[in-house]
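J.: Questions regarding the structure given below will be posed in turn.
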Amino acid sequence: MTGVARVDTAPPPNNPELTGFISIPGTQTMVRLNGFARINAIYDLMPAGNEQIFVPSSFPIDGGNGKNARISANSTRLSLEVRRPTRLGPLRIYVENDFYGGNNTPGFRLRQASAQVGNFYGGYGFSAFVDTDAYPDTLDDEGPVGLAFLRTASVRHIVKVSPGVTATISVENPSSEILNLPAAATDEQVIPDFVGALRFEGGWGHIQGAGVVRSIGYRWQGNDHNRIGWGVNLSSLFELGTDSIQAGVTYGDGIARFINDMGGLGYDAVIRPDLTLRTLTAYSGFIGYTHFWSPHWQSNITGSIAVLERDRFLPDTAYRRSTYGAANVIYQANSFITVGFETLYGRHKLQNGDDHDAVRLQTSVKYDFQK
């Protein structure tokens, strides 16, 4: 991911030489306009819920055997990056948008908007809890169900512990996602989310561990109900020559907001009939392998799972588990054009045991503005 915070505002792995910047005459400021245009052609062999991205938690139970075809350019991205030296260290401003803001129709959506001076970062982007450098390479924009995934506003500081070792402390925008919220009740957070991460990296790849402590609560009829949630994430990418293995696991209590397939669905906690609040345990994981057949051809295979605990106060139709698998082949025709084909499989299971699986075929063509 180009826009994530890195120690000393270091160049991202996909542009280590910081190419493509234009100097503004008479200043020390450099500007880079970038992005890509991408077309996704999708064919579902059975109902898969979301027509744009592969989201097992959206699969319709008892959805039948209907098929669906769709072509879209919503994953097209535009980005602006500004860099310049300052007395406090290198300054970097990054803004990125795509077109997923209109649901099934194109709509301009903010993905990232942040500023970093030296090792101080502030803005909207990926949480310090997640490790985007370990994400498997899928043509599907949603990615594996078990990723630790969240974009949010935060303020953080990165500390260089020793060569190849960094620590991050982050204060992040909180949000309580609660099931069975009474009418007129509002979610409530008495403290922000606090995230800490430790990263080890070298020529072999990297390992990152992170933890989060958060407040989950709601307010109703003048009464506050709050619980403490927590979670841990361990992720890595190991390089095997030109190939690589990516893996990650997440576990916690009240951590569903940070898990890709559960975020936004209200599974951080559940309200019991006596109005007490109970946080829910969730865990997830993924593993991926990337193989380069040649400088122009590569394949990726990925498997993932996400699980929410059973709880008698959850509705029978609430989420229980999802699985995800993806395999693709990608051809880099030249420095600007990439073509790929991917097969996706997923399953969505409810608390009562009902489930539905789906298979999707996807072809993508991407034109990079700069490469």
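J.: May I ask you to list the lysines whose Cα is less than 21 Å away from that of Lys349, ignoring any residue fewer than eight positions away on the same chain?
T.: Leaving aside lysines fewer than 8 places away in the same chain, those within reach of Lys349 are Lys67.
J.: Which one of Tyr251, Leu234, Thr363 has its Cα pushed farthest toward the positive end of the charge dipole of segment 218-367, where Lys and Arg give +1 and Asp and Glu give -1 at the Cβ?
T.: Tyr251
J.: Comparing Phe149, Phe108, Phe59, which has the greatest mean-square fluctuation in the GNM of the chain with Cα pairs linked when under 10 Å apart?
T.: Phe108
J.: In units of 2.2 N^0.38 Å, what is the alpha-carbon radius of gyration of segment 1-154?
T.: With N residues counted in segment 1-154, Rg over 2.2 N^0.38 Å equals 1.23.
J.: Amide H to amide H under 5 Å from Gly146: which residues, 5+ apart in sequence or cross-chain, H placed 1.01 Å off N in plane?
T.: Here the answer is Gly285, Ile305, since their amide H atoms fall under 5 Å of that of Gly146.
J.: If you wrap a convex hull around the Cα atoms of segment 120-166, how much volume per residue is inside, in Å³?
T.: 95 Å³
J.: Between Ser235, Ser294, Ser75, find the one with the highest GNM mean-square fluctuation for the chain; connect C-alpha pairs within less than 10 Å.
T.: Residue with maximal mean-square fluctuation among Ser235, Ser294, Ser75: Ser294.
J.: While we're on this one: In whole Hz, with x marking every Gly and Pro, tabulate ³J(HN,Hα) for segment 192-207 from phi via Karplus 6.51 cos²θ - 1.76 cosθ + 1.60, θ = phi - 60°.
T.: After applying 6.51 cos²θ - 1.76 cosθ + 1.60, I find x, 6, 10, 10, x, 9, 10, 10, 10, 9, x, x, 7, x, 7, 10 Hz.
J.: Considering the dipole of segment 254-354 built from charges on the beta carbon (Lys and Arg +1, Asp and Glu -1) around the Cα centre, which of His296, Leu280, Tyr267 is farthest to its positive end?
T.: Leu280
J.: Still on this structure, please answer the following. If you wrap a convex hull around the alpha carbons of segment 1-87, what volume per residue comes out, as a whole number of Å³?
T.: 128 Å³
J.: Let me spell out the model: positive unit charges on the Cβ of Lys and Arg, negative unit charges on the Cβ of Asp and Glu, origin at the Cα centre of the chain. What dipole size does that give, in debye rounded to 20?
T.: 780 debye
J.: With no solvent and one point per C-alpha, what does the Debye sum give as log10 I(q)/I(0) for segment 202-261 at q = 0.21, 0.23, 0.24 Å⁻¹?
T.: Once normalised to I(0) and log-transformed, intensities are -0.85, -0.92, -0.95.
J.: Here is a further query. Using the Cα atoms of segment 182-299 to build a convex hull, what is its mean projected area in square nanometres?
T.: Seen from a random direction, the Cα hull of segment 182-299 projects 9.4 nm² on average.
J.: Among Leu240, Leu150, Leu361, which one shows the biggest mean-square fluctuation in a GNM of the chain, springs joining Cα atoms closer than 10 Å?
T.: Looking only at Leu240, Leu150, Leu361, the biggest GNM fluctuation is shown by Leu240.
J.: Calculate the length of the line joining the C-alpha centroid of segment 100-134 to that of segment 1-62, in whole Å.
T.: 10 Å
J.: Still on this model: Amide H of Phe99 versus every other amide H placed in the peptide plane: which residues, excluding those fewer than 5 positions away on the same chain, fall under 5 Å?
T.: Answer set, sorted by chain and number: Thr76, Arg109.
J.: Could you work out what % of the accessible surface of the chain is carbon and sulfur, using a 1.4 angstrom probe and leaving DNA, RNA and ligands out of the count?
T.: 61 percent
J.: Write down, largest first, the equivalent ellipsoid semi-axes of segment 81-202 in whole Å, where each equals the square root of 5 times an eigenvalue of the alpha-carbon gyration tensor.
T.: Its equivalent ellipsoid spans semi-axes of 28, 20, 17 Å.
J.: In whole Å and largest first, what semi-axes does the C-alpha gyration tensor of segment 43-118 yield when each eigenvalue is scaled by 5 and square-rooted?
T.: 40, 12, 8
J.: Over the chain, what lengths in whole Å, largest first, do the semi-axes of the equivalent ellipsoid take, defined as the square roots of 5 times the eigenvalues of the alpha-carbon gyration tensor? Could the numbers behind the result be given before it?
T.: On the way: eigenvalues 219, 154, 73 Å².
Equivalent ellipsoid of the chain: 33, 28, 19 Å, largest first.
The values are calculated or read from the model by the stated rules, or taken from the named source; none is laboratory data. As the structure is a computational prediction, the values presented were derived from the model and not from experiment. Every residue, glycine among them, receives a Cβ derived from its backbone with ideal geometry; neighbour counts consider all protein chains shown. Heavy atoms of the whole protein, side chains included, go into the accessibility calculation; ligands, DNA and RNA do not. Shrake-Rupley method; radii C 1.70, N 1.55, O 1.52, S 1.80 Å.
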